[in-house]
């Protein structure tokens with residue numbers, strides 16, 4: 001039975017290796033003795049006999065090694081040996097080991113974290129059954145928005161979709177168990193849950209009948225997490241009555257765990273029939289074709305291809321446009337992947353993530369180049385040891401394997417470390433709530449697949465940098481290496497691989513540093529840019545009166561009363577309210593027509609404007625300068641002629657002159673509106689936007705229950721917040737306040753993308769810098785130590801410091817300079833990618849150029865300073881004696 | 001004469017070792033000399049080939065090793081044939097017979 005015997009020997013070789021070794025040693029020595037004895041018997045002299053025996057044997061160690069190679073499990077055994085040796089080596093130089101593991105861990109962690117985010121936001125599909133059949137429809141140009149009648153036409157006129165739905169985000173005043181709090185949810189059309197295709201966790205989901213007509217059924221579905229937090233996971237929640245915006249709704253179901261709406265980064269908690277929107281929102285838009293504020297979601301029938309869908313969609317859209325030329329002219333819909341507000345922010349996010357991924361890859365490459373350089377230098381240091389091992393009969397492959405094992409040990413350790421790091425980072429990111437009132441949440445929980453990813457990256461990295469000394473080993477000539485005492489004469493003479501690696505690495509790091517400075521500069525500019533209002537010393541209070549049941553005149557009355565009461569609070573310099581504030585994210589847009597227009601199709605417009613409804617005093621409270629004309633007034637009512645204040649850009653674009661007060665323009669409905677004042681330009685939707693036209697209408701003429709109360713004061717924030725809250729409570733305790741605090745802190749979302757970009761790029765930049773310092777320092781000290789003897793002879797012969805330096809480090813500086821220049825050029829090219837996220841991103845900025853150059857100079861100086869000192873302070877007498 | 005003909009014909013050395021041990025237990029040097037003797041000096045087995053082969057065959061279970069004393073009272077490692085080893089010897093002998101016959105036939109043609 002050969003197998004058990006083999007298994008036994010395998011186990012013996014593995015676990016009793018010491019005894020096996022001793023046995024082998026004795027056997028070979030006994031053999032040698034026998035040979036000698038035989039030779040003596042043949043008549044040789046003892047020393048001749050010994051010599052002949054040794055020659056016949058061919059070396060005790062070699063024979064032993066050959067036996068070892070033939071053993072069962074020899075490969076595993078020698079790998080274990082390599083492993084033990086590698087660990088010993090690392091323990092012997094803990095500084096090197098720690099640096100290497102840390103560098104690699106950071107490099108790998110950067111990649112794993114980025115991959116985790118990419119996976120969550122880009123790669124992963126919506127968490128619904130057959131997600132590949134679910135798409136969204138969005139206008140070919142512009143936002144993700146459609147109107148309800150448009151989607152109804154698509155729903156009723158198609159043969160390619162099994163279900164078509166639209167929905168709108170809404171924050172509701174949600175009253176359960178006597179507590180009212182603002183909760184984000186969705187008004188969804190009848191087929192929404194057919195498109196989504198999930199099964200309810202409890203009860204039922206919303207159905208077509210619920211959305212049949214306004215008031216068809218006042219029912220709501222809540223999310224699993226709302227069921228957990230608001231109802232304590234009460235199994236009898238179905239049938240409970242809650243109040244949504246003061247109206248009684250019956251909870252009919254709970255969505256399964258993990259369903260959080262159909263956006264990848266938002267947590268939505270209530271779903272109500274869209275048919276009831278008028279009673280919830282305070283105004284009616286269900287039948288309006290111009291109210292394009294909805295997102296769509298469609299499920300394609302099985303077996304239908306995308307081109308078929310698009311063709312039919314084009315036909316339907318053409319029909320709609322013919323039927324309603326005024327509202328729908330130029331309508332064009334395309335299919336897109338859902339989950340990113342349609343696919344609206346999908347483009348920029350994918351672009352940014354791709355950029356970051358490239359940077360992470362660069363950082364890892366640089367780390368590998370760095371470690372490769374370190375390894376190559378170490379291998380060169382160990383040239384003598386390697387030569388001796390070869391002379392003793394070790395094969396080149398065996399030595400290479402040894403070095404590879406060492407590289408793997410480092411990379412696996414680094415990978416394990418990186419796993420921990422990225423796990424922490426992603427967990428932190430997942431539980432982080434961005435500074436915004438929107439229900440943003442990143443579903444980036446770390447998954448086991450990331451461990452695999454980290455492992456793969458570390459293996460690849462290990463191979464990449466472990467292979468670098470390959471050429472060195474295969475070139476090693478044992479004779480030469482031992483004779484020259486390990487210091488190969490070519491060190492510092494020819495361009496070695498490690499020189500090229502260093503230059504490449506510096507170039508790569510330079511890219512990350514440039515990107516970091518560009519985004520830092522962008523952030524600086526963004527923070528000082530003229531917003532057109534002054535959020536400093538201003539408080540912003542936001543709520544929607546429709547959530548407390550106020551509509552039309554009642555809302556207007558409430559707002560006026562509120563303003564009166566607020567203005568009486570001591571310390572209030574100015575106060576006013578608007579339907580929304582600039583840069584708050586929910587800014588409305590509308591077309592403007594010239595006074596001569598008679599045809600009000602969208603294509604005939606002069607331009608689109610951002611529009612705000614404001615009360616008297618709002619401009620002063622917001623700090624928006626009134627440049628000409630008058631402020632709006634409560635005397636502007638629905639019974640007086642329509643008036644508006646416009647910004648400078650509006651005037652430039654419509655009249656091409658400065659004079660505008662008293663002139664007219666028309667809105668979509670053909671109403672003439674007189675311009676009564678001009679205000680300063682500002683930013684309205686994003687920081688990075690070009691200057692856009694905007695108009696401010698009297699809220700008393702328009703009527704709006706959405707309220708953003710602005711108060712300018714020098715008083716202590718906390719006091720003022722309390723005072724404002726008391727006034728609102730006093731007027732009606734049921735008004736759910738969404739936000740109340742300094743305006744600055746509510747601009748969080750505006751600065752959010754650029755802050756994220758700056759933090760991410762800054763980290764990469766710092767890491768890149770660290771790498772280039774480590775790499776430069778390592779190579780410089782290596783070069784110096786290799787040539788110290790030669791340099792000291794030169795010093796002894798009277799060479800000047802300058803000559804010594806240029807001999808020792810001249811090439812280093814050349815490498816640094818060329819690497820930096822290439823990197824700077826690459827970085828400038830790469831910075832264009834940043835312009836979508838970062839305000840005025842450009843690397844041609846002299847500040848950026850100067851900062852990058854200065855940083856690199858400083859880095860270079862810092863990293864070669866140590867070796868330079870060593871060269872200059874070397875004492876030739878001591879050195880020459882030592883060697 | 002090539003010093004390592006075994007590398008040409010895998011298994012030849014195995015067969016020679018088995019055959020030598022068939023005569024009785026012996027130590028490494030003994031096996032080496034025995035092979036030299038029975039092949040009329042055609043094969044000289046170097047320790048570098050012999051020992052790996054012996055250890056491999058031991059792991060296969062064909063031979064067993066034990067420590068003993070040499071003719072001159074020296075400690076030496078002895079090997080002897082096991083039952084599977086004897087079977088292996090028979091099989092190898094047959095196989096070798098077939099091969100040498102086939103080669104001889106092939107060389108006689110033409």
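The values are calculated or read from the model by the stated rules, or taken from the named source; none is laboratory data. From a predicted model like this one, the values you see are computed outputs, not experimental measurements. Glycine also receives a Cβ, built like all others from the backbone with ideal geometry; neighbour counts cover every protein chain displayed.
Out of all the residues in region B:67-82, is one or more touching a strand residue (DSSP E or B) at 6+ places or on another chain (Cβ under 6 Å), at the interface with chain A (Cβ under 7 Å from one of its Cβ atoms) and crowded, with 19+ Cβ neighbours inside 10 Å?
Checked against the condition, which is being touching a strand residue (DSSP E or B) at 6+ places or on another chain (Cβ under 6 Å), at the interface with chain A (Cβ under 7 Å from one of its Cβ atoms) and crowded, with 19+ Cβ neighbours inside 10 Å, region B:67-82 yields at least one hit.
From the residues in region A:252-266 that are farther than 13 Å from residue A:196 by Cβ and modelled with pLDDT of 85 or more, which one is surrounded by the most Cβ atoms within 10 Å (Cβ to Cβ)?
Here the answer is A:254.
May I ask you to verify whether residue B:98 is more than 9 Å from chain A (Cβ to nearest Cβ) and either under 13 Å from the mean Cα position of the chain (by Cα) or more than 26 Å from residue A:11 (Cα to Cα) (or both)?
So residue B:98 fits the description; yes.
Restricting to strands (runs of 3 or more DSSP E) lying wholly in region A:680-768: which have 2 or more residues that are within 20 Å of residue A:539 (Cβ to Cβ)?
A:706-713, A:737-742
I'd like to know if region A:74-94 contains one or more residues that are surrounded by 13 or more Cβ atoms within 10 Å (Cβ to Cβ), within 11 Å of chain B (Cβ to nearest Cβ) and at pLDDT 80 or above.
Taking every residue of region A:74-94 in turn, none turns out to be surrounded by 13 or more Cβ atoms within 10 Å (Cβ to Cβ), within 11 Å of chain B (Cβ to nearest Cβ) and at pLDDT 80 or above.
From A:33, A:37, A:65, which residue is within 14 Å of chain B (Cβ to nearest Cβ) and touching a strand residue (DSSP E or B) at 6+ places or on another chain (Cβ under 9 Å)?
Only one candidate passes the filter, namely A:33.
Can you confirm whether residue A:498 is surrounded by fewer than 21 Cβ atoms within 10 Å (Cβ to Cβ), modelled with pLDDT under 75 and not in a strand (DSSP E or B)?
Judged against the criteria, residue A:498 is not a match.
Return only the number of the condition from (1) over 22 Å from the mean Cα position of the chain (by Cα); (2) under 30 Å from residue A:592 (Cα atoms) that residue A:751 does not satisfy.
Condition not satisfied by residue A:751: (1).
Being touching a helix residue (DSSP H, G or I) at 6+ places or on another chain (Cβ under 9 Å) and assigned to a loop (DSSP other than H, G, I, E, B) is the filter here, so list the residues in region A:622-649 that pass it.
Matches in region A:622-649: A:624, A:625, A:631, A:632, A:633, A:634, A:635, A:636, A:637, A:638, A:640, A:642.
Checking residue A:53 against (1) at pLDDT 85 or above; (2) farther than 28 Å from residue B:86 by Cβ; (3) exposed (fewer than 15 other Cβ atoms within 10 Å of the Cβ); (4) within 12 Å of another protein chain (Cβ to nearest Cβ): exactly one of these is not met. Which one?
(3)
When you scan region B:25-48, do you find a residue that is within 14 Å of chain A (Cβ to nearest Cβ), surrounded by fewer than 22 Cβ atoms within 10 Å (Cβ to Cβ), touching a helix residue (DSSP H, G or I) at 6+ places or on another chain (Cβ under 7 Å) and at pLDDT below 85, even just one?
Scanning region B:25-48 turns up at least one residue that is within 14 Å of chain A (Cβ to nearest Cβ), surrounded by fewer than 22 Cβ atoms within 10 Å (Cβ to Cβ), touching a helix residue (DSSP H, G or I) at 6+ places or on another chain (Cβ under 7 Å) and at pLDDT below 85.
Only one residue in A:596, A:547, A:559 is without any contact (Cβ under 8 Å) to a residue 40 or more places away in the chain and more than 34 Å from the chain's Cα centre (by Cα). Which one?
A:596
Residues that are surrounded by 17 or more Cβ atoms within 10 Å (Cβ to Cβ) and within 40 Å of the chain's Cα centre (by Cα): does region A:659-679 have at least one?
Looking for residues that are surrounded by 17 or more Cβ atoms within 10 Å (Cβ to Cβ) and within 40 Å of the chain's Cα centre (by Cα), one finds at least one in region A:659-679, hence yes.
Please verify whether residue A:626 is more than 22 Å from residue A:289 (Cα to Cα) and surrounded by fewer than 16 Cβ atoms within 10 Å (Cβ to Cβ), treating the condition exactly as stated.
yes
Please note which strands (runs of 3 or more DSSP E) are completely contained in region A:245-327 and include at least 1 residues that are farther than 23 Å from residue A:338 by Cβ.
It comes to A:247-254.
Do you know which residues across region A:8-30 are at the interface with chain B (Cβ under 9 Å from one of its Cβ atoms) and modelled with pLDDT of 80 or more?
Once the filter is applied, which keeps residues that are at the interface with chain B (Cβ under 9 Å from one of its Cβ atoms) and modelled with pLDDT of 80 or more, region A:8-30 yields A:23, A:24, A:26, A:27, A:28, A:30.
Looking at (1) buried (at least 21 other Cβ atoms within 10 Å of the Cβ); (2) within 11 Å of another protein chain (Cβ to nearest Cβ), which is the one condition that is false for residue B:56?
In the conditions (1) buried (at least 21 other Cβ atoms within 10 Å of the Cβ); (2) within 11 Å of another protein chain (Cβ to nearest Cβ), residue B:56 misses (1) alone.
Please pick out the residue among A:384, A:389, A:319, A:378 that is over 22 Å from residue A:264 (Cβ atoms) and surrounded by fewer than 16 Cβ atoms within 10 Å (Cβ to Cβ).
One residue alone meets the criteria, A:319.
Report yes if some residue within region A:221-230 is crowded, with 16+ Cβ neighbours inside 10 Å and part of a strand (DSSP E or B); otherwise report no.
yes
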